[in-house]
Amino acid sequence: MKRLLALVLCALLLTGCAAPAASAPESGRLRIVTTLFPYYDFARAIAGDRADVTLLLSPGREAHSFEPTPLDAVTISRADVFVYNGGESEEWVEDMLDAVGENIGTVVCMMDYVDAREEEFVEGMQGAEEEEEEDSDEIEYDEHIWTSPANAAALCEALCGALCAADGENAAAYRANGDAYVAELNALDARFAALRQGARRDLLVFADRMPMLYFCKEYDLRYRAAFHGCSSDTEPSLATLKFLIDKVSDEGVPVVYTVDLDSRRIAEVVAEADGVGIERLWSLQTISRADFDAGETYVSMMERNLKALERGLA
């Protein structure tokens, strides 16, 4: 909290302590600020050239350890529409909005628009035994809600509604873009459903974190993993490592998975022990700078996931 107060003071100095509400940009377009890549990409698809869209979490950066800078505070304070995910990883947002969000016309918390699922600790996962023994009333929700294309479509509907409310003059254009993009997401969903229907296997083994809970639930896939979705752990116990190696061997799993930009080190150990391949899945909480600069999108990255899953579920 002390750090946030210091950050806000810096922001006030940068913007001017008595500065009035920010005027509209010379372009006349909405200022949209998003915390995560999926929402940045959704906003670009729906707004088209009628908005300036800013991504706070720079490509390649770890989302769970993100801390806003004074410049981020300034950027947020000048937004017409601010879009964030919500959840424990973005607890800083509420304090930030209390401090610098007075002039933001529209604020959208995406976790308000889907049914959040509790974080799961499955057999063999690091910390699963300790989690079962803990007696706590606090529910920890999985935050990676966009990993299901069906959820992504619902989130885009919510975002489209927010843009229409913020800029009624261009509502028809936003709605047309939104409808076209949701149709694209529905087609993507159908391709994953068809893959699942024709699959010989239903188990994914993540020698890594597992931020694909909503995806796995959407397509009725089993999974085993070294760590849960938001885990900060990087070293699995010997028991977890043995469990994954044995699981791959016992069920004839052809590949093990890593996620996003994480190291392949654990996957290489499991793969070498069992003589299987390694594939990468993208939760899309972040993407690499190279992919970002190349213009990769939520849909194009999910198509990579489709190809990676073809090998794992065949």
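The values are calculated or read from the model by the stated rules, or taken from the named source; none is laboratory data. Keep in mind that this is a model prediction, so the values were computed, not measured. Every residue, glycine as well, gets a Cβ built from its backbone with ideal geometry; the counts of neighbours run over all protein chains shown. Remember, those area values only see protein heavy atoms, side chains included, never the ligands or the DNA or RNA. Shrake-Rupley method; radii C 1.70, N 1.55, O 1.52, S 1.80 Å.
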Residues satisfying the stated conditions in the range 160-204, i.e. farther than 30 Å from Leu313 by Cβ and touching a residue at least 24 places away in the same chain (Cβ under 8 Å): Cys160, Ala162, Leu163, Ala165, Ala166, Asp167, Asn170, Ala173, Tyr174, Asn177, Gly178
Members of the range 213-252 found to be of a type in the set (A, V, I, L, M), more than 21 Å from His64 (Cβ to Cβ) and crowded, with 22+ Cβ neighbours inside 10 Å, listed by number: Leu244, Val248
Every residue from the range 158-186 that is farther than 15 Å from Asp80 by Cα and within 20 Å of the chain's Cα centre (by Cα): Ala158, Gly178, Tyr181, Val182, Glu184, Leu185, Asn186
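Yes/no matrix, rows are residues, columns are (1) touching an Asp or Glu at 6+ places or on another chain (Cβ under 9 Å); (2) of a type in the set (Phe, Trp, Tyr); (3) open to solvent by 10 Å² or more (accessible area, probe 1.4 Å); (4) modelled with pLDDT of 95 or more:
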{"position": "Cys17", "(1), (2), (3), (4)": "no, no, yes, no"}
{"position": "Ser23", "(1), (2), (3), (4)": "no, no, yes, no"}
{"position": "Ser27", "(1), (2), (3), (4)": "yes, no, yes, no"}
{"position": "Phe37", "(1), (2), (3), (4)": "no, yes, no, yes"}
{"position": "Arg44", "(1), (2), (3), (4)": "no, no, yes, yes"}
{"position": "Thr54", "(1), (2), (3), (4)": "no, no, yes, yes"}
Condition check for Ala99: part of a helix (DSSP H, G or I) and at pLDDT below 95: yes
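So that you can scan it fast, the table gives a plain yes or no per residue for (1) closer than 26 Å to Ala43 by Cβ; (2) out of contact with any Ser or Thr (no Cβ under 7 Å at 6 or more places or on another chain):
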{"position": "Tyr223", "(1), (2)": "no, yes"}
{"position": "Pro236", "(1), (2)": "no, yes"}
{"position": "Leu241", "(1), (2)": "no, yes"}
{"position": "Arg280", "(1), (2)": "yes, no"}
{"position": "Asp291", "(1), (2)": "yes, yes"}
Some residue of the range 55-67 being outside any loop (DSSP other than H, G, I, E, B) and closer than 20 Å to Ile104 by Cα: yes
Number of the condition not met by Ile76 [criteria: (1) among the β-branched types (Val, Ile, Thr); (2) in a helix (DSSP H, G or I); (3) over 18 Å from Tyr40 (Cα atoms)]: (3)
Number of positions in the range 260-270 that are crowded, with 19+ Cβ neighbours inside 10 Å and either among the hydrophobic types (A, V, I, L, M, F, W, C) or within 21 Å of Gln197 (Cα to Cα) (or both): 3
Output for the range 284-302, where each listed residue is outside any loop (DSSP other than H, G, I, E, B) and surrounded by fewer than 16 Cβ atoms within 10 Å (Cβ to Cβ): Arg289, Ala290, Asp293, Ser300
Count - residues of the range 80-96 that are surrounded by fewer than 17 Cβ atoms within 10 Å (Cβ to Cβ) and either touching a strand residue (DSSP E or B) at 6+ places or on another chain (Cβ under 9 Å) or in a loop (DSSP other than H, G, I, E, B) (or both): 2
Given (1) surrounded by 19 or more Cβ atoms within 10 Å (Cβ to Cβ); (2) assigned to a loop (DSSP other than H, G, I, E, B), number of the condition Cys156 does not satisfy: (2)
Residue pairs meeting the criteria (Cβ under 9 Å; at least 6 apart or on separate chains; first within 15 Å of Ser89 (Cβ to Cβ) and in a helix (DSSP H, G or I), in the range 109-120; second at pLDDT 95 or above and small (Gly, Ala, Ser)): Met110/Gly86; Met110/Ala158; Met111/Gly86
